[in-house]
1. Does residue 140 satisfy being assigned to a helix (DSSP H, G or I), hydrophobic (A, V, I, L, M, F, W, C) and open to solvent by 10 Å² or more (accessible area, probe 1.4 Å)?
2. Being outside any loop (DSSP other than H, G, I, E, B), under 28 Å from the mean Cα position of the chain (by Cα) and surrounded by 19 or more Cβ atoms within 10 Å (Cβ to Cβ): is that true of residue 317 here?
3. State whether one or more residues within segment 171-190 are over 19 Å from the mean Cα position of the chain (by Cα), farther than 19 Å from residue 213 by Cα and of a type outside the set (S, T, N, Q).
4. Kindly indicate whether any position in segment 314-331 is of a type outside the set (A, V, I, L, M, F, W, C) and closer than 20 Å to residue 255 by Cα.
5. Can you name the residue in segment 103-130 that is without any contact (Cβ under 8 Å) to a residue 12 or more places away in the chain and within 20 Å of residue 165 (Cβ to Cβ) and, of all such residues, is nearest to the chain's Cα centre (by Cα)?
6. Looking at segment 192-223, which of its residues are surrounded by fewer than 20 Cβ atoms within 10 Å (Cβ to Cβ) and in a helix (DSSP H, G or I)?
7. Scan segment 89-102 for residues that are in contact (Cβ under 8 Å) with a residue 40 or more places away in the chain and open to solvent by less than 50 Å² (accessible area, probe 1.4 Å) and jot them down.
8. Scan segment 257-303 residue by residue and report those that are in contact with a helix residue (DSSP H, G or I) (Cβ under 7 Å, 6 or more places away or on another chain), in a helix (DSSP H, G or I) and more than 25 Å from residue 241 (Cβ to Cβ).
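The values are calculated or read from the model by the stated rules, or taken from the named source; none is laboratory data. On a predicted model such as this, the values are computed, not experimentally measured, just so you know. FYI the Cβ positions are ideal-geometry reconstructions off the backbone, even for glycines, and counts take in every protein chain you see. These area figures cover heavy atoms from the full protein model, side chains too; ligands, DNA and RNA do not enter into them. Shrake-Rupley method; radii C 1.70, N 1.55, O 1.52, S 1.80 Å.
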Amino acid sequence: MMPSSTPSGTTGTAITVSGRVARATAGLVPGGLDWARAMDELAEELLHADLSADADGDGDRAGTTLDAAIGVRRLAIERLEDDLAATVGLDLRNNLAVDLASRYQAGGGLDDLLESCALSRQVLAGAAPGDLLAAAAGLAGRLSLLARNPGYEAELDQAIRLLADVLDQAGHDDPNRPIVVTSLAGLELHRWQRDGDPAALAAAAAVAGMALRTGEVTGATPSAVNVAALLLEDAQQAHDTGILNAGETLLRAVIADGPPGDAVAAGGSLAVTLVTRFDLDGGEGLLAEAVEWASAAIDARPPGPSRAEDISARAAARAALARLRGEPELLDGAIVDARAAVAEPAT
């Protein structure tokens, strides 16, 4: 049976997207290198396209751009010449894995995530040495999503072992190494939340702390906030102010130098950290600063669990300030915040 000549996906996308495929690949040999690259580029364009402008009516209405991109990449993989499977084929599979994971996170079914993981395993198996860390990080991230589903909890442990193993194999000058270290810190934090094993937490925090001290991870490293969060959890368990200081310093560095999304997350975490530091050391200024950072994070975040944590941190800081200053309006504000935190959406 010949492969489908139109991208698979929702019925509504077929006519509209097939027209774009025809235009993008005109004059190219189906299954060849130039054709495959054109298909991959088209999929990227579709992610940002307004397909409704191409539709002739309700019967030709395009589905989501993500569905369309997935359909185009599926078709490209199906028709790709065998001798290209180890080159452009890996790129197509990796990009399709990203798209499927995105659709899962946007409300798609578990099948999308399972397929994304399977594709990511293929990408890792075929990765060149210089691409090994990036491929492993992609698979580990998708396995960690899978681990949040009942029956797949063990995938988190597999993801942690995978990243630890590839870090052992990779050179210290690999440019992807810092990102994998921060990804591993995020997975270890997830495992701590799942298992509550203080020894595992301490071991993971020691590795993350070493990466911070050697400069492998800085405030500018993407997802460095994961390292800070891991250190702060360990500081609370060990009652170690030195580790607390290291976590707080890294959060401030992320706010100053990190990507915008990371900086917002670091501000929310810093608010919590300052309330913790107040409990240890006292100092009204710590609480006032906590309110400022929490408020900034609340304003920048979309509704959801992270924003609820920011609101709760501001509530705690306001309540403590109310006790210090004897100002009832601060306590009223803390109560409003506490109620607002509960009202935030769970996902």
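1. In short, no.
2. Answer is no for this residue.
3. Taking every residue of segment 171-190 in turn, none turns out to be over 19 Å from the mean Cα position of the chain (by Cα), farther than 19 Å from residue 213 by Cα and of a type outside the set (S, T, N, Q).
4. Pass one, segment 314-331, residues of a type outside the set (A, V, I, L, M, F, W, C): 314, 318, 323, 325-329.
Checking the rest, the ones that are also closer than 20 Å to residue 255 by Cα come to 314.
Among the residues of segment 314-331, at least one is of a type outside the set (A, V, I, L, M, F, W, C) and closer than 20 Å to residue 255 by Cα, which makes the answer yes.
5. Ranking the candidates gives 118 first.
6. Residues satisfying the conditions are 193, 194, 195, 198, 199, 200, 202, 203, 206, 207, 210, 213.
7. If the condition is that a residue be in contact (Cβ under 8 Å) with a residue 40 or more places away in the chain and open to solvent by less than 50 Å² (accessible area, probe 1.4 Å), then 89, 92, 95, 97, 99, 101 are the ones that fit.
8. Of everything in segment 257-303, those that are in contact with a helix residue (DSSP H, G or I) (Cβ under 7 Å, 6 or more places away or on another chain), in a helix (DSSP H, G or I) and more than 25 Å from residue 241 (Cβ to Cβ) turn out to be 264, 295, 296, 298, 300.
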